[in-house]
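A short write-up of the structure that comes next.
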Amino acid sequence: MDVSDWQNQSLTIEQANLQLLKLHKFTDVTFIVGEEQEYVYAHKLILMTRSSVFQVMFERWDNSDKAIEIPEVSSAAFRIFLEVSSYSLNYSGI
């Protein structure tokens with residue numbers, strides 16, 4: 001599947017959103033993750049709909065902050081977490 005074809009009508013909403021995530025399209029939150037301080041981009045709305053933790057965090061988040069730092073987790077693990085927890089229909093929530 002061509003990752004740039006996120007508007008393909010044969011995709012589920014979850015698949016289309018995952019493609020948007022991989023392309024960094026319309027992302028509105030940035031995380032700085034791991035010791036390597038890699039930038040990871042995401043969509044606040046999707047994170048908030050899948051996690052009450054993210055909902056509370058973003059409700060209190062000062063938008064003047066450019067990025068949210070998460071140094072305790074590797075960027076690879078955080079990306080997998082995002083994809084499974086936030087962009088998968090079969091995930092039950094955190």
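Conditions first: (1) at pLDDT below 90; (2) farther than 13 Å from LEU82 by Cα; (3) of a type in the set (Gly, Ala, Ser); (4) in contact with a helix residue (DSSP H, G or I) (Cβ under 9 Å, 6 or more places away or on another chain). SER51 passes all but one, so which condition is the exception?
Only one criterion is unmet by SER51, namely (2).
Please count how many residues of the range 1-39 are at pLDDT 85 or above, more than 11 Å from the chain's Cα centre (by Cα) and among the aliphatic types (A, V, I, L, M).
Going through the range 1-39 one residue at a time, the tally reaches 3.
Condition (residue is closer than 20 Å to SER88 by Cβ and either out of contact with any Phe, Trp or Tyr (no Cβ under 6 Å at 6 or more places or on another chain) or touching a residue at least 12 places away in the same chain (Cβ under 8 Å) (or both)) applied to the range 61-69: is it met by at least one residue?
No, the range 61-69 has no match at all.
Within the range 7-19, can you find the residues that are assigned to a helix (DSSP H, G or I) and β-branched (Val, Ile, Thr)?
If the condition is that a residue be assigned to a helix (DSSP H, G or I) and β-branched (Val, Ile, Thr), then ILE13 is the only one that fits.
Starting from the range 5-27, take each residue that is under 15 Å from SER85 (Cα atoms) and list its partners that are of a type in the set (D, E, K, R), counting only C-beta distances under 6 angstrom and pairs at least six apart or across chains.
The qualifying pairs do not exist here.
The values are calculated or read from the model by the stated rules, or taken from the named source; none is laboratory data. The model shown is predicted, which means the values in this text are computed figures rather than measured ones. FYI the Cβ positions are ideal-geometry reconstructions off the backbone, even for glycines, and counts take in every protein chain you see.
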